[in-house]
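A short write-up of the structure that comes next.
The values are calculated or read from the model by the stated rules, or taken from the named source; none is laboratory data. Computed from a predicted structure; not experimentally measured. With ideal geometry, Cβ positions are generated from the backbone for all residues, glycine too; neighbour counts draw on all protein chains shown.
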Amino acid sequence: MKRIFILTMTFFMMHGISSAQRDADNFYRSASVNCEKVSFRNQYKMKVGANLFLPGDMKPGEKRPAIIVGHPMGAVKEQSANLYATKLAERGFVTLAIDLSFWGESEGEPRNAVLPDVYAEDFSAAADFLGTREFVDRNAIGVVGICGSGSFAISAAKIDPRLKAIATVSMYDMGAASRNGLKNAVTPGQRKQLLEAVAEQRYVEFLGGEIALTGGTVHELTEESTPIEREFYGFYRTPRGEFTPEGATFLTTTHPTLTGSVKFMNFYPFNDIESISPRPMLFITGEHAHSREFSEDAYRRAAEPKELYIVPGAGHVDLYDRTGLIPFGKLEKFFKENLQ
């Protein structure tokens, strides 16, 4: 089915990376880590595609703590999640980088649909998978959520006590971003205008018309491109991070369905975040990240034990793949202390 692209005034219009690209290594591979493709079913019987990473020094019969890694919203596991999973596997953890439902190698129709409850379920399904592996200590499963996946991981952790330690990186609260934009830039009038357009688009698609996708990351830069557009463009639309899933007929990363994207407006991941305590939470954000407000908001609302870790000099996308800035040592210490 042919698809069209519609620009909106919501968060998705704002995708676009920091000009600094030194030490960016999104497609990093490690000789000391074994990787294999796996899949499993979530509670709705949808296949979740994933990459399983095992430390090369694992011994037969040994059980290790495990970490689930979720990719940025609109991305796939090959964009940032694999890197984190590989680096943490080098540090001794079993890791699992997942594709959220409707994206990448995971099932779900229409493609690129937005369904935050199912996204959260995918993290619990990943815990199902890991907790039934003979080489995983099911009482020591943690999670790293990057960008939008930070909010989905929190949503999952509120109702799944098997997630023992929760870390987020460059987190977006996808609900607040969609309702209000960054720094509350979206007015109530603009929001209503978008909802009216989506309602009309539902009629089009119900009658068999073309599925509309939101603008997502731009495919070319102009003199008018914003700093945020440039920041995301430098990752998603260049060899630095561009990746088209196998079998895809056109590049769709960061382009959610328009009618689905408004479902984020009913998504409130930080409500009741304090109920996760006493399981620990670590919020990592960049000093200059345009998304910093979301990590700070989550930190204020969360109960102890919690930590807000601000990476000096880093922007939002810097923490996707710039290995010289990503605090892997901090993540290692957090999980080793809390996955025992």
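So the values come out like this:
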{"item": "The stretch 151-193, residues that are over 19 Å from the mean Cα position of the chain (by Cα) and either on the phi < 0 side of the Ramachandran plot or among the small types (Gly, Ala, Ser) (or both)", "result": "PRO161, ARG162, ASN180, ALA185, VAL186, THR187, PRO188, GLY189, GLN190, ARG191, LYS192, GLN193"}
{"item": "Helices (runs of 4 or more DSSP H) contained entirely in the stretch 105-199, each with at least 1 residues that are in contact with a strand residue (DSSP E or B) (Cβ under 8 Å, 6 or more places away or on another chain)", "result": "116-131, 149-159"}
{"item": "Residue list for the stretch 14-28, filter: in contact with a strand residue (DSSP E or B) (Cβ under 7 Å, 6 or more places away or on another chain) and either part of a loop (DSSP other than H, G, I, E, B) or at pLDDT below 95 (or both)", "result": "ASP23"}
{"item": "Counted residues, the stretch 204-218 - those being assigned to a loop (DSSP other than H, G, I, E, B) and either at positive phi or not β-branched (Val, Ile, Thr) (or both)", "result": "6"}
{"item": "Residue match in the stretch 244-260 (condition: in contact with an Asp or Glu (Cβ under 7 Å, 6 or more places away or on another chain), at pLDDT below 95 and closer than 23 Å to ASN26 by Cβ)", "result": "yes"}
{"item": "In the stretch 297-327, residue nearest to ASN184 (Cα to Cα) [restricted to those that are part of a helix (DSSP H, G or I) and touching a helix residue (DSSP H, G or I) at 6+ places or on another chain (Cβ under 9 Å)]", "result": "ASP297"}
{"item": "Residues of the stretch 219-243 satisfying the condition of being assigned to a helix (DSSP H, G or I) and closer than 21 Å to LYS77 by Cα", "result": "GLU231, PHE232, TYR233, GLY234, PHE235, TYR236"}
{"item": "Complete set of residues in the stretch 27-78 that are of a type in the set (A, V, I, L, M) and under 20 Å from ASN112 (Cβ atoms)", "result": "MET46, VAL48, ALA50, MET73, ALA75, VAL76"}
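Conditions tested, residue by residue: (1) buried (at least 24 other Cβ atoms within 10 Å of the Cβ); (2) out of contact with any Ser or Thr (no Cβ under 9 Å at 6 or more places or on another chain); (3) within 24 Å of THR244 (Cα to Cα).
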| residue | (1), (2), (3) |
| --- | --- |
| GLY108 | no, no, yes |
| ASP117 | no, no, no |
| SER124 | no, yes, no |
| ILE146 | yes, no, yes |
